[in-house]
Each structure stands twice: as C-alpha cells, then as structure tokens.
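Data block below; observations after.
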2 protein chains.
Amino acid sequence: MNEQDFLAAYDPRAYPAVAVTVDVVALTIRDGAAHLLLIRRGEQPHAGLWALPGGFVRPDEDLVAAARRELAEETGLDGEPLRRVHVEQLASYGAPDRDPRMRIVSIAHLAFAPDLPDATAGTDADEAVWVPVAELTNRQLAFDHGQIVADGLERARAKLEYTPLATRFLAPEFTIGELRAVYETVWGHQLHAGNFHRKVLSVPGFVESTGASTERGGTRGGPRARLYRAGDARLLHPALLRPAREETVR
Amino acid sequence: MNEQDFLAAYDPRAYPAVAVTVDVVALTIRDGAAHLLLIRRGEQPHAGLWALPGGFVRPDEDLVAAARRELAEETGLDGEPLRRVHVEQLASYGAPDRDPRMRIVSIAHLAFAPDLPDATAGTDADEAVWVPVAELTNRQLAFDHGQIVADGLERARAKLEYTPLATRFLAPEFTIGELRAVYETVWGHQLHAGNFHRKVLSVPGFVESTGASTERGGTRGGPRARLYRAGDARLLHPALLRPAREETVR
DNA sequence: TCGGTCACTCTCATTTAGAGAACATCTCGA
DNA sequence: TCGAGATGTTCTCTAAATGAGAGTGACCGA
C-alpha cells in the first residue's frame, strides 16, 4: 500500500475523481423485431457513433431512478406509459480505460418497453432512435456499449425463461399468440404454438383471462383470440426453458 | 434541469464527489454450514457492527480486480488458492443516503471459496472472520450490507441451479456426496441422494471422473466413494432445479 | 463380529415437454 | 359469394425428466 492508497483509505478524495453514470439498454419489439434505443453522439469522444442513452447520477437520486429519468428524457415518456416500462439493474462497467476522459463507472440498466410511438420532436428526446437489434451486428457502438448491449440481450433472453416480463413488451391486454411472438423474437427461434399455449396457461400466475376476445381475427386470417393480462406471479414456476444451446454451454 | 444539473451534464465535477467502492459477499462452507466473511468495524459510522469486506476502487483497477484484492487482503489468500475462488459481480448499491459520510456507490461482488484455513495472524487479514450465515438472522449489519448479503445468498442459490459453481466450494477432487452437501447447505433442504447422483452424472460436463476413490469410507461408515473433478461445462443443461417454493413466487 | 451409514444402482409412477394433427373461425382475394 | 390459407385452441401420443422407494454391498466404529 503506497501513501496515496493509505490516505485514500481514509479519504477517497485523495484519489482522482470517479464519475458514476447510468446507461440504459432499452428494448422494445416493433414489427416483429427487437429494437434498441440508441443515440447518435454529437461530441468527442466517439462523435458520430451510436451510444446508449445515459448520464450522470444526480446527488439525490437512486440508481434506478437515474435510469428511469434518462429513459424518460430520451423517449419523452411520462406518467402511466413510463410506469409500464420495466427497468432493472443490469450490471456495472468500470474498466479503467473505458472512457478516455476520466474514470467513469457506469451502472447499466435493462428496460423492457411496449411498442411506443416515436418520441415527438420538440421534447428533450432529441436524437434517440429505436434501432433494430439485427442491424447492430458488426456496427460499432461507442465506448464498451457493444458489450453492455450483448449482456443486456442475454439477460433479456434469460429473464423470459423464469419471469413473466415478456408481458412488459405488450399492451395491458394481449393474446397468447402475441406473447409467443415476443418469445420468438427475443429468443430468435420459432416455438410450437400448441405447446406454448398449453405451457403459458399451466404456469400459475403467468396470465389471467380477461374474458374478452379480440375484435377481429388476425390480419392474415384465423379466429378471434382470447385476451389475457399479466398475472400476479413474479417468477414462473416451472419456468419456460429455451431449447438447449449446446454451443453456449461449454 | 437546474443550473447545477446543466453544468454537470458537461462536467461531473460540478456535482459533489461520488466515491466508488467494492464490497464482497464471500461464502464458504465449513462444518456443513454456510459461512460469510465479515469484518467488525472499528470506526464510525456503525462502529462495532459487522460489515462486508470492501474498500475503494483504485484508479488503475478493474471492478472485479478490486474485489479480488479486497478478498486477498482480508483473507490472506494468494496465488493458487486465491485463483480457485470464484468471484463475480453481484449488483450495485447506490441509495443516496446509504452512507452518512458521502455519496458512495458500492459494486457488490459474490465469491465462492472452498473451506479455507483461517487467515493467519500477522498478515493484513486483521479482523476478517468467517461467520455462520445462520447466525446473521436478526443481527444488524452495517450500512445496507444486510440487503447485500440477502441478495448474494439468493443469487448463490440460483447460481447452483444452472451453473457448476457448487464445485467451487470444494477441493479440486470431490465426491458426489460432498457435492450434494453443498447443494443441501445452500438451498437449505435435503435432497434425494439417489436422484441427485443420477442427475449430476447425467448433466454433460458437470463433473468428470478421476478414476480414483477416497482412501477411506466416511467417518460414520459407508464404502469409499468415487472422486470427481469439475467438468468443462459453464452452464448446466438441463439445470438442477430447486423444488418449487410457492411463497417466493408471488 | 455386528449394527448402522453411505455410495451407487435400479424400478416404478408421475410429471413435463416435443411433435403432430384435428377442427373451428376468421381474413382476403378471386 | 366462395374457397384457400392462416391462426387459435384443444387433443393425442411419445419421449424425456423427475420423485420416491428400495436393494446391494463396502466400510466404520464399537
């Protein structure tokens, strides 16, 4: 322990300043494809690259509150629609050189939002755009945001297995088919409609019936579907497991 | 946005300083009971209370590296034994009032260690003690460390379901019975020995046989058991699921 | 030497998941 | 208006995984 470390043990101000930010991996599903909220950076470093929405945590603000505030500022969301967005902490990123300006530790958050109307111009939501996740492959993101997004997507896939959070991508009332589409989009492969139906209805507290049905059948035909809303379960038991993915296991 | 916020958007130093620390929830299993590494605080605030080992992140140090360093300092571990300890990020805690002195954001980490000899006196590992987790109920920990420990224990229980990390609580070679004891301790209930045995051997990459057996039977009788070491799987598939816990689901 | 413990294997019943199909209802275009 | 095709929902059959119980034999300590 050198002298600086020794002093710092008593007074962290003996170290160079550290800044704490939040970044948000906000996901939604639009036109059957996963979309991610991104901002085009206007300034150095990484000017012109896409980056996650985020910013400094304010002195009187909890971490999740900061993430919600950033999300609200960038999307123009507020009130009930904002309340319907699920936000949770994802992980923290603090490699010493992740930002060339200074030591910045970012507390990344993960958000699941229903398909929202685009932020109206004139609000703070200047540059935020919902970008299809599929377009991100090989596209460079600012800082370590590529890694953060990858971690967020993997977390999202896992969360759908054992939580009912898939419903957060949908309107308050939804059909089993719409719910299945969420799973297929996030997991990236087709599911057996009949088995999915059976499973969803068999997991206690996942969905509850509204008694109503859709006004019309699907755009390409088919009968009207029954409408459900999210149930009171916070965890799915037994979980909906993804098929084995041998490659990721080892 | 007030003027301070406005300035801070460009220069975080316009805000009061924020400090970043790491705290470590280090778990081990000793005498068939889960133990947690704690330190008795010598100074205010919370002098005399038990607290998690932790400290400030140094300028050139990654977050996990800081956690490993703190763990090493407090346990006196080093080299190969330290390398066998599993350390992963748990979550970040940043409520504005969690430390009365200043705004401190703590990146909590979770560590799984094999049963280690107690830190020898004379090292830096002054005050760190392995405390049985069972003794913690109702005992007050410093700051929000009670919540951090609770989150860490829940994460540990979940991790044993879908990762082979239970092996990190054991020596490099272990018997199925010892592995089962880890699960029983962390999950807090008995498992069916025969079914557990079948399951562990059927999950690809969980354990691999050494070909050897223990020198002697168990202390209370029974045959010599075959020895295994950890396999190459990073995820267990299919997972070892805990029995349903109805109460935690809703 | 004996009772008891434990590793390991096996059987059987139950539950859960995978696959395919039946059937009714609906949309859309011919 | 009619028919093709799509979809929601339910069912059947099979395979796989799990829970529970028991048997066998090695081993310890008394």
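Suppose every K and R has +1 on its Cβ and every D and E has -1 on its Cβ; what is the size of the dipole of the protein assembly as shown about the Cα centre, in Debye to the nearest 20? Write out the running numbers ahead of the final one.
Details: 58 positive and 70 negative charges, 488 e Å.
With only Lys, Arg, Asp and Glu charged at Cβ, the dipole is about 2340 debye.
Is the C-alpha gyration tensor of the stretch B:161-249 telling us rounded, prolate or oblate? Criteria: a/c under 1.5 is rounded; beyond that, a/b larger than b/c is prolate, otherwise oblate. Walk me through the numbers on the way to the answer.
Details: a/c = 2.13, a/b = 1.38, b/c = 1.54.
Oblate.
Would you mind ranking A:SER209, A:SER92 so that the residue whose beta carbon has the fewest other beta carbons within 10 Å leads the list? Provide the component values of the computation, followed by the final result.
Values: A:SER209 11, A:SER92 25.
Sorted ascending by nearby Cβ count, the order is A:SER209, A:SER92.
Looking only at other chains, what is the average number of their beta-carbon atoms within 10 angstrom of each beta-carbon in A:53-65?
Details: counts 0, 0, 4, 9, 8, 8, 10, 3, 4, 6, 7, 2, 3.
The mean count of partner-chain Cβ atoms within 10 Å per residue comes to 5.
Kindly identify the protein assembly as shown as rounded, prolate or oblate by the Cα gyration tensor criterion: order the square roots of the eigenvalues as a ≥ b ≥ c, call it rounded if a/c is under 1.5, otherwise compare a/b with b/c, prolate if a/b is larger, else oblate.
Values: a/c = 2.02, a/b = 1.13, b/c = 1.78.
Because a/c hits 1.5 or more and a/b fails to exceed b/c, the protein assembly as shown counts as oblate.
In whole angstrom, how far apart do the alpha carbon centroids of the stretch A:29-55 and the stretch A:83-105 sit?
Taking the Cα centre of the stretch A:83-105 as reference, the centre of the stretch A:29-55 is 15 Å away.
Give me D for chain B in µm² s⁻¹, whole number, from Stokes-Einstein with Rh from the Kirkwood sum over alpha-carbon pairs, 37 °C and 0.692 mPa s.
Numbers: Rh = 20.1 Å.
For these conditions, the coefficient is 164 µm²/s.
For the pair A:GLU184/A:LEU201, report the inter-label distance in nm, with labels modelled 7 Å from Cα in the Cβ direction.
So the two model labels end up 1.9 nm from each other.
Quick one: work out the % antiparallel among DSSP beta bridges in chain A, nearest 5.
Values: 26 of 37 bridges.
Restricted to chain A, the bridges split so that about 70 percent are antiparallel.
If you rank B:ILE107, A:ILE176 by fewest surrounding Cβ atoms within 10 Å, what's the result?
Details: B:ILE107 27, A:ILE176 19.
With the sparsest Cβ surroundings first, the list reads A:ILE176, B:ILE107.
Looking down the axis that turns B into A, which residue of B has the closest beta carbon, and how many Å out?
B:SER92, 2
Mind sorting A:HIS35, A:HIS109, A:HIS192 by how few other Cβ atoms lie within 10 Å of their own Cβ, fewest first? Before the final figure, lay out each step's value.
Details: A:HIS35 22, A:HIS109 26, A:HIS192 10.
Listing A:HIS35, A:HIS109, A:HIS192 from fewest to most nearby Cβ atoms yields A:HIS192, A:HIS35, A:HIS109.
Report the label-to-label distance for B:LEU241 and A:HIS192 in nanometres (one decimal), using points 7 Å from each Cα along the Cα→Cβ vector.
Inter-label distance under the simple model: 1.6 nm.
Since every read-out is calculated from the coordinates, none of them should be taken as a lab result. All of these numbers come straight from a predicted model, not from anything done at the bench. Don't worry about glycine lacking a Cβ; one is built from the backbone with ideal geometry, like all the others, and counts go over all protein chains shown.
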